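As structure tokens, the structure follows; a few thoughts come after it.
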Number of protein chains: 2
Amino acid sequence: MATLADVARRAGVSPATASRIINGSPKPVTEALRARVLAAVEELQYVPNAHAQQLARNHRSAVGVIVHDVSDPYFSEITRGLQRVATEHGRLVIICNTYRDPEKELEYVELLRANQAAAIILAGSGYHDEEFTRTLDAKLRVYQATGGHVAVIGRHEHSGHAVIPANEAGGQLIGAELFRLGHTRIGVVAGPRHLTTTSDRLNGLRRAARQHGRKLSARQIVYADFDRSGGASATATLLDTQPDVTAIVALNDSMAIGALAVLRERGIDVPGRISVTGFDDMPIARDVTPALTTVRLPLADMGARAMTLALQPPEPLNTPHIEHVDAELIRRESTAPPPPDPR
Amino acid sequence: MATLADVARRAGVSPATASRIINGSPKPVTEALRARVLAAVEELQYVPNAHAQQLARNHRSAVGVIVHDVSDPYFSEITRGLQRVATEHGRLVIICNTYRDPEKELEYVELLRANQAAAIILAGSGYHDEEFTRTLDAKLRVYQATGGHVAVIGRHEHSGHAVIPANEAGGQLIGAELFRLGHTRIGVVAGPRHLTTTSDRLNGLRRAARQHGRKLSARQIVYADFDRSGGASATATLLDTQPDVTAIVALNDSMAIGALAVLRERGIDVPGRISVTGFDDMPIARDVTPALTTVRLPLADMGARAMTLALQPPEPLNTPHIEHVDAELIRRESTAPPPPDPR
DNA sequence: CGTACGCGGGAAAGCGCTTACCGGATTCCC
DNA sequence: GGGAATCCGGTAAGCGCTTTCCCGCGTACG
């Protein structure tokens, strides 16, 4: 691997001069030398060692993003927004997948700190786990104390900047819509119990119920993984234990798609016999049949805003900024009034 | 930011000893000192500077992955497989999105080289561009010459290891299936012309046609972006210029989904009036209606294999290994025999 | 009791780069 | 024409860590 010294030697200049030319330092350098150095760079296919540069310059350049899983469309949309902004700022982004393991989340914060990340973005739901939350927060504070910026998406328990989607309001929108259509027996296909996203969305639903003089009982809610197969298994359970539901609220679109798959298998008409709703409005929500009624969250935009917050925090510095983002109900074909009561 | 020297000072030992304890070096150290150092680490919340370590140790630890776009399910599946293997090997993976800009691909190779990546994985289609291909190859060779490993997925023009999906055979499978069903007027919704993936899949289709004594004319093929909206617009064009097609072959699932959307809008029955096929078998292919007949590529597995190849190249070293992966026809509900000829 | 040896710990030399500082050669102005 | 100002380029001191080499001590042995 060619080093700067090699280039300098070949061009017959000092490493200092070579460095100045290669990095376009403000210090003026004769044209002749510049040409010689550039030629040497070309001949040796020299690329500066980024680690050595980072060490010598002592200023951070990369940014880290911690997500549950980039292959989940929810996160890949967010990531797309993040990346766009990071690239505009000339930042390299390091993506870390926790696969929903809180332990890994902690590890990755250390790893990013070790790698001198300029900022850490935490995307995805928090966990209902006091101890974990405290530990994570402590680590983040240490990171911030040494000049790191942190922004979180979709959780609120940390000291950094935050972009908070209206999960609760979204849940309420869904609930209101279903009650308005006349549904009374609703089943909920929920994500993991310990995720704050799950409980926030559920709370919105509960509030809508209360406003319509009803309430959600525990029997109506089935918890499972926040993905297609979780949605499928929870729906199967629900159909077996609460066979008379007329609407199934899935707490994200992936689960809703799992629900649709099970309903299709069992030959249950959607929305004729059972209405189904999702949450997030991922791109595919339009393409399943029937197209999903869901709540839109501007995911890519949320990612972009979080990155912006992390990269150029608004005044006053060191005061966490919280940006709320609205949810919007998207009516499509998977919802309709309930069928006339067979009883 | 606490440094190793700070820790050493606090524990009353030399930096050398501190380093040995923290990294669990083979050199034995008294238990008392170990405890003191570990305590200091804890108190100072010390995390070693990864760049300094990398510089001092002088051996590569990260691996880089260059993809078109992680938010595209095709790549996120591949990435999932890659990550799994990388994590098993304790490697940090740096994901780079080119957004299909060849220029960026070149830049990222440099960037990864600068960051001392142990391996570079190039995923995604190559480009039909002689000069670009040569330039890229030259860069990769330089990287390999300095001990870097490279593996490519889905292209064949480079000197590293390769995992090659049976794009052509897959195209042939689709073609054969359609001809077998009795289709004669087929339209192709293709990806960008300059991508090798497009031409490979098309060639398979052409071969199937030839075997059935037919051929594909240029008028039957519409090129567009390799995503949903590309699929939609190409399908619209096709329906306008070739209104009598009885089957639409989309060259990937995203495009097929776009095609289905347009057909649905126009009230055209699938597969009653027109059959539609995809390619890749992304998870959603089962969930659209009608479920897509497509060709399955084991994407996550391909990613895993590429990473394995890059991380522990099989003997003999320095000889590019090529692994071919099979394509499999998945019959679902989007294909059927053509309707009786109206003429 | 003296020497050899093993063992735990420290001093110091780098890894590849940046950058403050310094110094020799021009140029400039009075 | 001489001293100051001005340029350009080089020298060297780090950035934070690892690791080789060496040294002093305690033990075992002759």
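The values are calculated or read from the model by the stated rules, or taken from the named source; none is laboratory data. Model, not experiment: these values are computed from the prediction. Backbone-built Cβ (ideal geometry, glycine too); neighbour counts: all protein chains shown. Note: areas computed on protein heavy atoms with side chains; ligands, DNA, RNA excluded. Shrake-Rupley method; radii C 1.70, N 1.55, O 1.52, S 1.80 Å.
Summary of values
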read-out: Phi-based couplings in Hz for the range A:239-248 (Karplus 6.51, -1.76, 1.60; Gly and Pro marked x); value: 5, 6, 8, 10, x, 9, 5, 10, 8, 10
read-out: Cross-link reach list, aspartates and glutamates versus A:LYS139, counting only Cα pairs under 14 Å and skipping chain neighbours closer than eight places; value: A:GLU103, A:GLU105, A:GLU107, A:GLU110, A:GLU131, A:GLU157, B:GLU42, B:GLU43
read-out: Inter-probe distance in nm under a simple model that places probes 7 Å from Cα toward Cβ, at B:GLU43 and A:ASP244; value: 6.8 nm
read-out: Two-decimal Rg to Rh for chain A - Kirkwood Rh, Cα set; value: 1.15
read-out: Rounded Å value of the spacing that divides the Cα centres of the range A:202-226 and the range B:94-129; value: 47 Å
read-out: Solution diffusion estimate, µm²/s, Stokes-Einstein, the protein assembly as shown, Kirkwood Rh from C-alpha pairs, 20 °C, viscosity 1.002 mPa s; value: 78 µm²/s
read-out: Protein accessible surface hidden between B and A, which excludes ligands and nucleic acids, total in Å², probe 1.4 Å; value: 4200 Å²
read-out: Phi to ³J(HN,Hα) by Karplus 6.51 cos²θ - 1.76 cosθ + 1.60 over the range B:41-46, Hz, x for Gly, Pro; value: 4, 4, 4, 8, 6, 6
read-out: Under 5 Å, built H, 5+ apart or other chain: amide partners of B:ILE153; value: B:LEU122, B:ALA123, B:GLY124, B:VAL163
read-out: Expected 222 nm ellipticity per residue - DSSP helices of 4 or more, -39500 (n - 2.57), all of chain B, to 500; value: -14500 deg cm²/dmol
read-out: Position B:THR30, label points 7 Å along Cα→Cβ, spacing to each other copy in nm (shortest first, one decimal); value: 6.0
read-out: Solvent-accessible surface (1.4 angstrom probe) belonging to B:SER125, in square angstrom, nearest 10; value: 10 Å²
read-out: Extent along principal axes [Cα atoms of the range B:140-249; Å; largest to smallest]; value: 57, 30, 19
read-out: Rounded to whole Hz, the Karplus (6.51, -1.76, 1.60) HN-Hα couplings of the range A:270-280, x for glycine and proline; value: 10, x, x, 9, 9, 8, 9, 10, x, 6, 3
read-out: Built amide H within the under 5 Å cut-off of A:LEU195, gap 5+; value: A:HIS128
read-out: For the range A:1-36 versus the range B:319-343, the gap between their alpha-carbon centres in whole angstrom; value: 57 Å
read-out: Position A:PRO243, label points 7 Å along Cα→Cβ, spacing to each other copy in nm (shortest first, one decimal); value: 5.0
read-out: Protein accessible area in the protein assembly as shown, 1.4 Å probe - carbon and sulfur %; value: 51 percent
read-out: Measure of compaction for the range B:4-57 (Cα Rg per 2.2 N^0.38 Å); value: 1.05
read-out: Nm distances between copies for A:GLY147, ranked from closest, using label points 7 Å along Cα→Cβ; value: 3.0
read-out: Gaussian network model of chain B, springs between alpha carbon atoms under 10 Å - residue of B:GLN312, B:GLN83, B:GLN220 with greatest fluctuation; value: B:GLN312
read-out: Cut-off under 5 Å, modelled amide H: who pairs with A:GLU328 long-range; value: A:ARG296
read-out: Cα long-axis angle, helix B:167-181 against chain B (0 to 90 degrees, to the nearest 10); value: 30 degrees
read-out: Chain A, closest residue to the rotation axis toward B, by beta-carbon, whole angstrom; value: A:THR289, 2
read-out: Residue-normalised accessible area of chain B, expressed per residue, 1.4 Å probe, Å²; value: 41 Å²
read-out: Those residues of the range A:45-74 for which accessible area with every protein chain present is at least 50 Å² below the isolated value (1.4 Å probe); value: A:GLN45, A:VAL47, A:HIS51, A:LEU55, A:SER71
read-out: Antiparallel bridge percentage (DSSP; both residues within the protein assembly as shown; nearest 5); value: 10 percent
read-out: Protein-protein interface of the range A:115-158, residues with accessible area decrease of at least 20 Å², isolated chain reference, 1.4 Å probe; value: A:ASN115, A:GLN116, A:VAL142, A:THR146
